[in-house]
Amino acid sequence: MVGSTLLRLRREFTRALLAGEAGAAERVVRAAMAGGLTAAQIDVELITPALFMVGDKWATGEISVAEEHLASEIVLRVLALHREAERAALGRHRSRVLLLAPEGERHVIGLQMTADLLYRAGYDVRMLGADVPLGDIRPAARRYAVDVVCFTATMAETAEQVDAAIDHLRSDGLDVGVVIGGTAVPFELGAAWGAKVCADVSSAVECVDALVQHAPHN
């Protein structure tokens with residue numbers, strides 16, 4: 001897809017979010033898929049820039065909290081659309097991945113993008129979502145017999161919660177791989193726990209692959 005077409009689709013998608021038009025947003029994503037964009041490219045080239053624009057307009061008071069929430073819900077709907085439209089098994093083992101945001105963390109669109117990519121790649125994905133209490137994480141990892149746990153944190157205080165959660169997992173001898181991502185996650189945290197730090201959504205599958213292929217768990 002040529003750059004001018006991509007820019008046009010990005011503008012149209014952003015305009016649809018700001019207008020609260022779910023149908024228009026879906027049509028843009030369908031056009032992007034028809035034009036050959038991968039799910040990762042749609043996430044990075046269309047959805048992420050549009051969300052940044054929505055966030056900026058909310059921060060400056062150009063749009064209301066309600067409009068920002070509506071835009072976020074439209075994005076979640078679109079993510080479900082292209083997850084089902086493009087899901088294809090790529091020969092990976094059916095390893096199980098648990099995804100969550102720790103207690104206090106409510107920003108999970110990036111985590112949902114990650115879940116979608118892992119799902120399409122063939123992983124068995126269990127999404128716990130936002131604001132998961134510390135005491136619920138280890139029981140869930142055991143109950144679902146997961147191979148990898150993915151955490152996200154967009155605030156310093158929730159990055160501390162991720163640190164505590166990994167400590168909680170490892171203190172019980174639970175042998176699972178850990179992937180951490182989000183704007184507040186320092187690389188030092190990954191190094192301290194031997195976890196993979198996911199720099200952006202598009203590298204999520206690569207991070208999980210590295211854990212399940214080279215360091216089997218359970």
Selection within the range 35-74 - touching a residue at least 24 places away in the same chain (Cβ under 8 Å) and β-branched (Val, Ile, Thr): 38, 42, 44, 47, 48, 54, 63, 74
Of all residues making up the range 189-215, the number that are surrounded by fewer than 14 Cβ atoms within 10 Å (Cβ to Cβ) and out of contact with any strand residue (DSSP E or B) (no Cβ under 9 Å at 6 or more places or on another chain): 3
Selected residue [more than 21 Å from residue 78 (Cα to Cα) and part of a helix (DSSP H, G or I)] from 110, 173, 104, 190: 190
Leading residue by the ranking (surrounded by the fewest Cβ atoms within 10 Å (Cβ to Cβ)) among those in the range 97-142 that are touching a residue at least 40 places away in the same chain (Cβ under 8 Å), more than 21 Å from residue 173 (Cα to Cα) and small (Gly, Ala, Ser): 104
Any hit, the range 113-134, residues being over 20 Å from residue 40 (Cβ atoms) and small (Gly, Ala, Ser): yes
Test for residue 171: is it surrounded by 19 or more Cβ atoms within 10 Å (Cβ to Cβ) and among the hydroxyl-bearing types (Ser, Thr, Tyr): no
Set 46, 37: member being at pLDDT below 95, hydrophobic (A, V, I, L, M, F, W, C) and either part of a helix (DSSP H, G or I) or surrounded by fewer than 17 Cβ atoms within 10 Å (Cβ to Cβ) (or both): 46
Filter pass, residue 54 being buried (at least 19 other Cβ atoms within 10 Å of the Cβ), β-branched (Val, Ile, Thr) and in contact with a helix residue (DSSP H, G or I) (Cβ under 6 Å, 6 or more places away or on another chain): yes
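The values are calculated or read from the model by the stated rules, or taken from the named source; none is laboratory data. Quick caveat: nothing in here was measured; it's all calculated off a predicted structure. Methodologically, a virtual Cβ is constructed for each residue, glycine included, from the backbone with ideal geometry; neighbour enumeration extends over all protein chains shown.
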